[in-house]
Each structure stands twice: as C-alpha cells, then as structure tokens.
Amino acid sequence: MGLFGKKAKPAEVKVDNNTATLKKSVSNTAQLSGIPLPMVLVRPHITEKAAALTDDNVYVFEVTPEATKYTIKQAITSLYKKTPEKIRIARKAPKTVMRRTGAGQKSGLKKAYVFMKKGETLDIL
C-alpha cells in the first residue's frame, strides 16, 4: 500500500469489440436491474399538495428506490405515451417513532415530480 512509495503500474486492459457491443446492447434494454419499466412507478402520490400541483401540470409519483430520472422518463413515456418536460426527485427519509411496544420505524419513500408541457395532462386516476 505504501503511502509515500512508488505507485504500482495499472494492469493492462484488453478491449474486445464484441464485448463492447454486447455491453451497449444490454444497457439499452427496457429494464432497471430486473424491474420492468412500468414497475418503476409504484403509484401516484396523492396528497393535497400533489392535487394543487396538477393545476400547474406537475404530477407526483412514488417510485422504486433504484429509479433514476432517465428510467422515470422512459416509464412515463411507455405508460402514458407523453414525454415529460423535466423530472425532479425527492427522498423522504425513514423516521423513528415511539410506540407502546417500543421504538418503531416509518418507512421512507422516493418521489418523482413529473413536469409536463403546458396543455398536456396525465390521466393518473
């Protein structure tokens, strides 16, 4: 490990054209680590705030913890056949609560705010 010693030479990496095309084709599949794209969106997150945001063409969804903006955009496009303008992600951290039997934990979640173009709507209900 030597902090002040000589650096070890990195190992040579051989790149094969067949494996590069194979990796490219696997990354373009319509799945997120084994989860089909429609399953990325867990459910619409319906609250008073979310209902008020629908007037501004902003829709809120609960998504899987592994979801990214790109996979959420693909899922919205495949389910609703409309392309979102932008997507914002927010995490709600799990909280510890005290119950009669001792400490418990409320589960956290990951929300996606999906901004649609003016005039476009999503039928989520």
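The values are calculated or read from the model by the stated rules, or taken from the named source; none is laboratory data. Note that the structure is a prediction, hence the values are computed from the model and not measured. We place every Cβ from the backbone using ideal geometry, glycine too, and count neighbours over all the protein chains shown.
A few points about this structure:
- Where Asn28 falls short, out of the listed (1) surrounded by fewer than 10 Cβ atoms within 10 Å (Cβ to Cβ); (2) of a type outside the set (D, E, K, R); (3) modelled with pLDDT of 60 or more: (3)
- Residues of region 104-121 that are among the small types (Gly, Ala, Ser) and within 19 Å of Leu37 (Cβ to Cβ): Ala112 alone.
- If you filter region 104-125 down to residues that are exposed (fewer than 11 other Cβ atoms within 10 Å of the Cβ) and of a type in the set (Gly, Ala, Ser), you find that the one that is farthest from Val40 (Cα to Cα) is Gly119.
- In region 84-103, residue farthest from Met39 (Cα to Cα) [restricted to those that are among the β-branched types (Val, Ile, Thr) and exposed (fewer than 12 other Cβ atoms within 10 Å of the Cβ)]: Thr101
- Selection within region 49-78 - over 13 Å from the mean Cα position of the chain (by Cα), part of a helix (DSSP H, G or I) and closer than 13 Å to Val114 by Cβ: Ala50, Leu53, Thr54, Asp56, Thr77
- Selection count where residues are under 19 Å from Leu109 (Cα atoms), surrounded by 12 or more Cβ atoms within 10 Å (Cβ to Cβ) and not aromatic (Phe, Trp, Tyr), scope region 54-75: 13
- Long-range neighbours under 9 Å by Cβ, at least six apart or interchain, first residue hydroxyl-bearing (Ser, Thr, Tyr) within region 79-106, second in a loop (DSSP other than H, G, I, E, B): Tyr80/Leu122; Tyr80/Asp123; Tyr80/Ile124; Thr83/Met116; Thr83/Lys117; Thr83/Glu120
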